[in-house]
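One structure is given below, encoded as structure tokens.
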Amino acid sequence: MIAYVIRRLLHTVLVVLGISLIVFFSIRLTGDPVSVMFAAGEPTKEAIAEVRSNLGLDEPLYVQYGIFLKGIFTFDFGKSFRSGMPVMELINERIGATLALALGGMAVAILIAFPVGILSAVKRDTAVDFFGRIFSLLGISFPNFWLGIMLILVFSVTLQWLPVSGFEGFKHLILPSITLGLILSGILARLVRSSMLEVMNQQYVSTAKSKGISEWKVIIKHAFRNALLPTVTFIGLQFGSLLGGTVIVEQIFSWPGVGRLIIDAINQRDYPVIQGGVIYLAIIMVLVNLIVDLSYTLIDPRVKVGGSKS
Amino acid sequence: MMKKWLSLISLIFSLMLVLAACSGGGEESSTNEKSDSRENPAKDRGNEIIIGVSGEPQNWDPIDTFLLDWSTIATSVFEGLVDRNLNLEIQPGLAESWEYLDDQTLQFKLRQGVQFHNGEPFNADAVKFTFDRLLGEEGQKGPQYSNYTSIDSVEVVDEYTATFHLNSPDPVLLTKLAGYGAVIVPPKYVQEHDDEFFNNNPVGTGPFKMTGYKRDQEIVLEKNPDYWKEGLPKLDKVTFKVIPEASTRLAELQTGNIDVMKRVEVAQAETVKNTSYLELIDVGTPTVYSLRFDPGQKLMDNKLVRQAINYAVDKQSIIDEILSGYGKQISTYQSELSFGNNPDLEPYPYDPEKAKELLAEAGVAEGTVLDVYIPGNDGNFKEITQAVAFYLEEVGLKMNINSVDNTTLISELIPNGKAGHMYRQGWGGWTLDFDNTAYLMYHEGEQWNPSFKDEKVEELLAAQRATVDQEERKKIFMELTELLYDLAPELNLYQAVDLYAANSRLENFQPPHDDRMRLEEVSVK
Amino acid sequence: MTSVGLEKAVPVNPPRRPHLKKLWRFIKKNPVGFIGLILVALSVSCALFAPFITPFDPSKASLSSRLAPPSWADPKGESAFLLGADQVGRDLLSRIIYGARISLMVGIFGVLIAMVIGTVLGLISGYFGKWLDDIIMRVADIQLAFPFILFAIVIMSVLGTGIWKIIIILGLTYWVGFARLIRGQVISLKEQEYIQAAKAIGGTNFNIIRKHILPNVLSSILVLGTMYIAEFILLEASLTFLGLGVDPTIPSWGGMLADSRNYITSAWWTAVFPGVAIMITVLGFNLLGDWLRDKLDPNMKV
């Protein structure tokens, strides 16, 4: 077990190094932060050169990369070109909003997917199953920006039930969570349904049923438990990507999350923030995956950790 | 089962239609009547307003920024020695008067009894400190420094007199002193705190002081009770909310959560006009948009081809139809607000026959393909480009539109001459003087000029920089604009008109030409 | 929709033809798959027959008909366009019909690229294991942790823009899903007796993979591929939303939708109908994938 964890942590280091290399060199292919800064005003070539040297961009690439690499191990990614703030501080400022949105989205997804998935499985091949599946798939059939805009128009502008945007209170969390959650719920409901079906056809479930234990009890006790494992995997894997991959929802709902921080940094070619943000999210993602794998053993002791390496 | 599918399908469709109806219902009967006459949802807010903006600079230090987003908010916090009023005229700001002692010496008499928000007095020392900082090590890290390099030093004559010594005559110095980098900062405050602190907690002399700042969310300004203009500002509090997505901003406005919306899209103008408690206000800006030719490319090196394209496109129709009239034709690459604009030049008329003749004369084959680069994040300009393509097709030219990442376009493709035959560029010319635009666009070797070269243009550019006599400069600019008009280095499309929407409870809200909102006179009903 | 009407007649006239009866039984047993098939068939036929069924030239712009409302919703009754006209006066219906080509192209070719890369790497990774597996899976981790948008910007600034670049970007990003899925299956297949036996009698690795392993993972590939088609169609829209889409003359549904989002309160048809088109197609592929999974590979964890 410990050997496994150590091995995985070593892999994490490898992955982070790989990402650092790719991020570092690839963003330098896409344009120059200094000319972006001068997108108005009087960008004489001398002034541009001056600012570039002040930002340390005239150092040889390997020196710049060395500084970045050192930063990874000390969790100091330098200061943003744009705001002059330490990158870590910028991320920490926003991680709360990001977590709130990710958890909100997950909650909505679970609230929708579990009832729908369970009902679909129990009432397999009936109208309930049919509509349940279509309903859950409908959620992943819209581009999320469109869904977000529609939700705002209906629930905020026309009905005036919910606030439009911003990160202020619980009410503000509802619409973005629904936008995000609907997308996840489609896949999750499918997972729950099939995991439940897998067990429900098995001998011991029918045996339990024939012993007169109520159907729902059996379902909850056996089938539901079986559905938990893949669900936890899914949630874990999605959670990592949710932290950085909600840019569009954040943009539509003026949500001050890490995703928007990184996309703004990308648009400004704010190298330190891009580098720091990507590494930060990558580490979280890999660690979450590790935790997910480890938690298998807790939910289902039959699974040996060594077996699932990915 | 069959019935169920059918009902399901019809359910989906009716859902869509309901959504559509919800969103579009009001406009179908669009006449001049305001079709949405709900009660004003913002009427009880009291003596404060909330403004929805699309972005914020993330850094309030004036020497670190060139962003319009900075100026929209920071104009209420900081002030310069000279100021521009809403009509963009230069007027006294923190300086009461000034005079040129000679070509290279400019003396300011400062306003007395002015305080920074933290209680520090404003005086000549503060002026000297500001410019020492801007021109010193700290300023050189930022983009503002290079605008002010003509200033050699600032001398404190007495507490309320400061003299600027220049190292060369600078005809646009005064307008530059009304710019972002030249606003006066409090010396003690800046020295006592570190850089980071000042970035987040700006202090100036303006009508409002910043009392709250949540990055990328909101900025809270409160009335500066000691403001030097008698009786101003009228509002107690102004909150700026950062709402990047235009459709979200409009929704916030419709529901009364914000009182002013900056950057109303042309597509949204109708909706604002149709809402009883909203007002749409348009204002001309110094920003012009053109499809600039890269004369380094084959075909584009031929003046006749460039002129032909200018004749081929019906710019007025584009402005009327796609911009709903919110735009103005331009004859050169500058707006009517710019010093150096030539009012006698008529924009190239729409004359497809003439265009065809010129193309024939230049020997351009029918069906020749031109590569055009535009930013992928500007929906409106995509429409305009397609309209241009439509007009060019009428004269036998085909356009191959490349929609690319905006940052890549401005920082990589344009400077390196890799943006095809034509590319979109918008330019404001922050000094409101054609010097800025013309020098950067036509002087050989500049960042934004991959390949344009003309001896005569260079001569005129140098000549207007050598004198501070504004009449003389104007004459040079008239000659320059006529020359550029003939050389046609770009397909000049329009001067942008900005749209603002305001809740009707506001009084005296006048949107700025230059994004710098001036709020001290604004009040609520 | 005509096909639905046709089917409806079936139960009324007792089927004399056996294949119709079979069809009806199929529908009754697999309503989800059937709807999926119908919806997908709808967009596929739009793509195939676009030139024959579009009422107007989809690229014919005309400023005078800019934002003309749908003919049935036009109070003045002047509009000639069934679903209205777009921002430069092109017929929306024609563009939506042609748009099926773009969306299907993005979906299908993007998935093909991802599928080929992912399958090859997944097979290698799972079959050979050891350091090859380690390397491939670490590369997969890196790919997953790298922000998609940044990846898109990088690829576009190296290769340029256009519909094929988007297809390449999607393919190069989403191979990981295939690789992981197949690797997992290969690892458990490898232990099966018949494969061990094939090895024992000296079958080459290539032949074992080709004859015994690949056929067993095909169904999963097919299922995942179908679902990814749906996702790719949506991702194309997201890219346009972020300013990284195809050029506006190309009638892509995603592009139409993203570029008309501000018109939603003034010219709703420009923002609603492309959305409906995307929804129908994406839902179709999702239903189809869901059904295929039920049929072919009910225990698959996607």
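Quick rundown of the values:
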| quantity | calculated |
| --- | --- |
| B:Gly142 vs. criteria out of contact with any His (no Cβ under 8 Å at 6 or more places or on another chain) and within 22 Å of B:Gln91 (Cα to Cα) | no |
| Matching residues in the stretch B:198-221 - criterion: being aliphatic (A, V, I, L, M) and open to solvent by 10 Å² or more (accessible area, probe 1.4 Å) | B:Val203, B:Met210, B:Val220 |
| Options C:Ile250, C:Ile195; residue that is of a type outside the set (S, T, N, Q) and either within 11 Å of chain B (Cβ to nearest Cβ) or not in a helix (DSSP H, G or I) (or both) | C:Ile250 |
| Residue, nearest to A:Glu250 (Cα to Cα), within the stretch A:134-148, restricted to residues that are open to solvent by less than 10 Å² (accessible area, probe 1.4 Å) and within 7 Å of another protein chain (Cβ to nearest Cβ) | A:Phe145 |
| Where C:Ala179 falls short, out of the listed (1) surrounded by 15 or more Cβ atoms within 10 Å (Cβ to Cβ); (2) modelled with pLDDT under 90 | (2) |
| Hey, C:Ser238 among the hydroxyl-bearing types (Ser, Thr, Tyr), in contact (Cβ under 8 Å) with a residue 12 or more places away in the chain and either more than 30 Å from B:Val264 (Cα to Cα) or surrounded by fewer than 24 Cβ atoms within 10 Å (Cβ to Cβ) (or both) or not | yes |
| Spans of helices (runs of 4 or more DSSP H) in the stretch B:362-474 with at least 3 residues within 9 Å of another protein chain (Cβ to nearest Cβ) and more than 26 Å from A:Val34 (Cβ to Cβ) | B:379-394 |
| Residues of the stretch A:40-74 that turn out to be more than 14 Å from chain B (Cβ to nearest Cβ) and surrounded by 13 or more Cβ atoms within 10 Å (Cβ to Cβ), as a count | 8 |
| Restricting the stretch C:273-294 to residues that are modelled with pLDDT under 85 and more than 20 Å from C:Val186 (Cα to Cα), the residue that is surrounded by the most Cβ atoms within 10 Å (Cβ to Cβ) | C:Asp290 |
| Residue match in the stretch B:436-444 (condition: open to solvent by 20 Å² or more (accessible area, probe 1.4 Å), at pLDDT below 90 and in contact with a Lys or Arg (Cβ under 9 Å, 6 or more places away or on another chain)) | yes |
| Only one of C:Asn216, C:Asn207, C:Asn262 that is at the interface with chain B (Cβ under 9 Å from one of its Cβ atoms), part of a helix (DSSP H, G or I) and over 17 Å from the mean Cα position of the chain (by Cα) | C:Asn262 |
| From A:Ile235, A:Ile274, A:Ile248, A:Ile262, residue being farther than 23 Å from A:Thr74 by Cα, facing another protein chain (nearest Cβ under 9 Å) and β-branched (Val, Ile, Thr) | A:Ile248 |
| Residues within the stretch B:50-76 that are among the aromatic types (Phe, Trp, Tyr), open to solvent by less than 10 Å² (accessible area, probe 1.4 Å) and in a loop (DSSP other than H, G, I, E, B), tallied | 1 |
| Filtered residue count, the stretch C:147-166, keeping only those that are open to solvent by less than 10 Å² (accessible area, probe 1.4 Å) and at the interface with chain A (Cβ under 8 Å from one of its Cβ atoms) | 2 |
| Answer from B:Phe116, B:Phe131 - the residue that is open to solvent by less than 40 Å² (accessible area, probe 1.4 Å) and more than 27 Å from A:Phe38 (Cβ to Cβ) | B:Phe116 |
| Of all residues making up the stretch B:342-357, the number that are buried (at least 17 other Cβ atoms within 10 Å of the Cβ) and in contact (Cβ under 8 Å) with a residue 60 or more places away in the chain | 3 |
| Failed condition for B:Asn47, given (1) within 11 Å of chain A (Cβ to nearest Cβ); (2) of a type outside the set (Val, Ile, Thr); (3) open to solvent by 20 Å² or more (accessible area, probe 1.4 Å) | (1) |
| The stretch A:107-133, residues that are surrounded by fewer than 21 Cβ atoms within 10 Å (Cβ to Cβ) and either within 20 Å of C:Phe285 (Cα to Cα) or of a type outside the set (A, V, I, L, M, F, W, C) (or both) | A:Pro115, A:Lys123, A:Arg124, A:Asp125, A:Thr126, A:Asp129, A:Phe130, A:Phe131 |
| Condition met for C:Thr240 (at the interface with another protein chain (Cβ under 9 Å from one of its Cβ atoms), assigned to a helix (DSSP H, G or I) and either of a type in the set (Val, Ile, Thr) or more than 21 Å from the chain's Cα centre (by Cα) (or both)) | yes |
| Subset of the stretch C:52-82 (residues that are among the aliphatic types (A, V, I, L, M), within 12 Å of another protein chain (Cβ to nearest Cβ) and open to solvent by 30 Å² or more (accessible area, probe 1.4 Å)) | C:Leu67 |
| Evaluation of B:Gly325 against (1) in contact with a strand residue (DSSP E or B) (Cβ under 9 Å, 6 or more places away or on another chain); (2) farther than 22 Å from B:Tyr423 by Cβ; (3) buried (at least 16 other Cβ atoms within 10 Å of the Cβ) (one fails), failing number | (3) |
| Every residue from the stretch B:349-374 that is touching a strand residue (DSSP E or B) at 6+ places or on another chain (Cβ under 8 Å) and under 30 Å from B:Ala269 (Cβ atoms) | B:Val372, B:Tyr373, B:Ile374 |
| Spans of helices (runs of 4 or more DSSP H) in the stretch B:213-323 with at least 2 residues within 14 Å of chain C (Cβ to nearest Cβ) | B:246-254, B:269-273, B:315-321 |
| Residues located in the stretch B:324-358, provided they are of a type in the set (Gly, Ala, Ser), assigned to a loop (DSSP other than H, G, I, E, B) and either within 20 Å of C:Ser64 (Cβ to Cβ) or within 14 Å of chain C (Cβ to nearest Cβ) (or both) | B:Ser324, B:Gly325 |
| Residue in the stretch B:95-103 that is crowded, with 18+ Cβ neighbours inside 10 Å and within 30 Å of A:Val51 (Cα to Cα) present | no |
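Rundown of residues vs (1) within 14 Å of chain B (Cβ to nearest Cβ); (2) in a helix (DSSP H, G or I); (3) of a type in the set (Lys, Arg), yes/no style:
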{"residue": "A:Phe81", "(1), (2), (3)": "yes, no, no"}
{"residue": "A:Leu90", "(1), (2), (3)": "yes, yes, no"}
{"residue": "A:Glu93", "(1), (2), (3)": "yes, yes, no"}
{"residue": "A:Ala100", "(1), (2), (3)": "yes, yes, no"}
{"residue": "A:Ile112", "(1), (2), (3)": "no, yes, no"}
{"residue": "A:Ser120", "(1), (2), (3)": "no, yes, no"}
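Yes/no matrix, rows are residues, columns are (1) under 26 Å from A:Leu243 (Cβ atoms); (2) surrounded by 22 or more Cβ atoms within 10 Å (Cβ to Cβ); (3) over 21 Å from the mean Cα position of the chain (by Cα):
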{"position": "C:Val106", "(1), (2), (3)": "no, yes, no"}
{"position": "C:Leu112", "(1), (2), (3)": "no, no, no"}
{"position": "C:Phe128", "(1), (2), (3)": "no, no, yes"}
{"position": "C:Ala145", "(1), (2), (3)": "yes, yes, yes"}
{"position": "C:Ile168", "(1), (2), (3)": "no, no, no"}
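The values are calculated or read from the model by the stated rules, or taken from the named source; none is laboratory data. All values reported here derive from a predicted model rather than from experimental measurement. FYI the Cβ positions are ideal-geometry reconstructions off the backbone, even for glycines, and counts take in every protein chain you see. Ligands, DNA and RNA are stripped out before the accessible areas are found, and what is left, the full protein with its side chains, is counted by its heavy atoms. Shrake-Rupley method; radii C 1.70, N 1.55, O 1.52, S 1.80 Å.
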